[in-house]
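Peer 1: The following block contains the structure, expressed as structure tokens.
Please treat every number below as a calculation from the coordinates, not as lab data. These numbers come from a predicted model, not from an experiment. Counting neighbours? That spans all protein chains shown, and the Cβs are built from the backbone with ideal geometry, glycine included.
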Amino acid sequence: MSEPIIDYEPGVLRVFQSKDETKSFYDKIASVYDLLSELSERPMREAGLKQLAAAPGETMLEIGCGTGHCLVELAHAVGSQGNVLGVDISEKMLDETRKVLAQEKLVEQVELHCCDAAQLPFADGTLDGIFTSFTLELFDTPELPHVLAEWRRVLKPGGRLVVVAISKEGPQGLVLSAFEWTHRHFPNLMDCRPIYVRRALEAAGFFIDSLSVETMWVPVEIVRGVKPC
């Protein structure tokens, strides 16, 4: 029997692909990912990085680091005294990341891990901040509380989590309906779906100190949550 939809996610669709299928999908599109998504997603990511406000000497993690462009910005922000970590489920995406880091001469400053972000290979309370964009909505609805608890585990007290994700907040027009229809009927083409980001972070015990709902071609929530001290 399938698990019930959790109460802070009313009307949110389930994820219909397995993690192995998701990994295979991103392995296949890794070399063209920037052509497909970077133009539309970059402004949302930039807004999220501004909310994160990584500072010199801090330790930062990007979950779902993709082709590595945000890791470059994080590495510049924390400087040589800081630490930057990146995780992604797709080894092929990490190959693209390595190319970007090599071009920027940052290979030695960024530590990469290929893993499921529901099980992070980091000790409790070791990170100042976590950034993730267009990744949380890839996790199935019943898994979201566990995933966010895991991310909270590795943050220091007072550490912040910034999530950029396609959202069910904001205008619910024909484009969003078409997006959800495509996810429901062709999950191999549209693997993610809109979620309620702020509600999910609050339910996971984060204090929300910054929130905006932007428009890409669908609504996007950019939320900063803080782990209580």
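Peer 1: Do the alpha carbons of any pairs in 19/50; 28/156; 19/99 sit beyond 32 Å of each other, and which pairs? Present the calculation step by step, with values, prior to reporting the outcome.
Peer 2: Working: 19/50 30 Å; 28/156 36 Å; 19/99 25 Å.
As for pairs spanning more than 32 Å Cα to Cα, those are 28/156.
Peer 1: Oh, and also: Test of understanding: ordering 191, 209, 88 by Cβ neighbours within 10 Å, fewest first, what list do you get?
Peer 2: Details: 191 17, 209 11, 88 27.
Sorted ascending by nearby Cβ count, the order is 209, 191, 88.
Peer 1: In which sequence would 93, 60 go, from the one with the fewest C-beta neighbours within 10 Å to the one with the most? Intermediate results must be reported in sequence, preceding the final value.
Peer 2: On the way: 93 25, 60 28.
Least crowded to most crowded, the residues run 93, 60.
Peer 1: Next question. Restrict the search to segment 81-148; then list the trypsin sites (Lys or Arg not before Pro) that DSSP places in a loop and that have at most 15 other Cβ atoms within 10 Å of their Cβ.
Peer 2: Values: sites: 92, 98, 99, 105; in loops: 105.
Passing sites in segment 81-148 are 105.
Peer 1: Spin-label point model (7 Å from Cα, Cβ direction): what's the residue 27 to residue 175 distance in nm?
Peer 2: 3.4 nm
Peer 1: Per DSSP helix of 4 or more residues, -39500 (n - 2.57); summed, then divided by the residues of the chain. What does that give at 222 nm, rounded to the nearest 500? Present the calculation step by step, with values, prior to reporting the outcome.
Peer 2: Details: 7 runs with 78 residues, N = 229.
After summing the helix terms and dividing by the residues of the chain, the value is -10500 deg cm²/dmol.
Peer 1: If one puts a single equal scatterer on every Cα of segment 1-115 and applies the Debye formula without solvent, what log₁₀ I(q)/I(0) results at q = 0.11, 0.13, 0.15, 0.22 Å⁻¹?
Peer 2: So the normalised log intensities are -0.43, -0.59, -0.75, -1.21.
Peer 1: Now for a different question. Taking 0.36 nm per intervening residue step and subtracting the Cα-Cα distance, what contour gain separates residue 156 from residue 55 on full extension? All intermediate terms of the calculation are to be shown ahead of the outcome.
Peer 2: Values: separation 101, 0.36 × 101 = 36.36 nm, distance 1.48 nm.
Working it through step by step, the gained length comes to 34.9 nm.
Peer 1: For segment 55-143, what is the Kirkwood estimate of the hydrodynamic radius, computed as the reciprocal of the mean inverse distance between distinct Cα atoms, to one decimal in Å? If you can, show how the numbers build up before the last one.
Peer 2: On the way: mean 1/r = 0.0760 Å⁻¹.
So the Kirkwood estimate lands at 13.2 Å.
Peer 1: Kyte-Doolittle cut-off -1.0, length cut-off 20 Å along the helix's own axis using Cα: show which whole DSSP H helices in the chain pass. Intermediate values should be presented prior to the final figure.
Peer 2: Values: long enough: 39-52 (21 Å, -0.79).
TM-like helix candidates: 39-52.
Peer 1: Ok, one more. How would 58, 104 line up from fewest to most surrounding beta-carbon atoms within 10 angstrom? Walk me through the numbers on the way to the answer.
Peer 2: Details: 58 21, 104 17.
Listed from fewest to most nearby Cβ atoms, that is 104, 58.
Peer 1: Return the FRET efficiency for the residue pair residue 18, residue 107: r is the Cβ-Cβ distance, R0 is 30 Å, and the value is rounded to the nearest 0.05. Provide the component values of the computation, followed by the final result.
Peer 2: Working: r = 32 Å, r/R0 = 1.06.
Once the sixth-power term is evaluated, E becomes 0.40.
Peer 1: Take peptides 41-53, 152-164 and line them up by average Cβ neighbours within 10 Å, highest first, as a rough protection proxy. All intermediate terms of the calculation are to be shown ahead of the outcome.
Peer 2: Values: 41-53: 18.1, 152-164: 21.0.
Ranked from most to least packed, the peptides come out as 152-164, 41-53.
Peer 1: How far apart, in nanometres, would the label points at residue 184 and residue 80 be if each is projected 7 angstrom from Cα along the Cα-to-Cβ direction?
Peer 2: A separation of 5.6 nm, rounded to one decimal place.
Peer 1: Tell me the label-point distance for the pair residue 211, residue 118, using the 7 Å Cα-to-Cβ offset, in nm and rounded to one decimal.
Peer 2: With each label point 7 Å from Cα toward Cβ, the separation is 2.6 nm.
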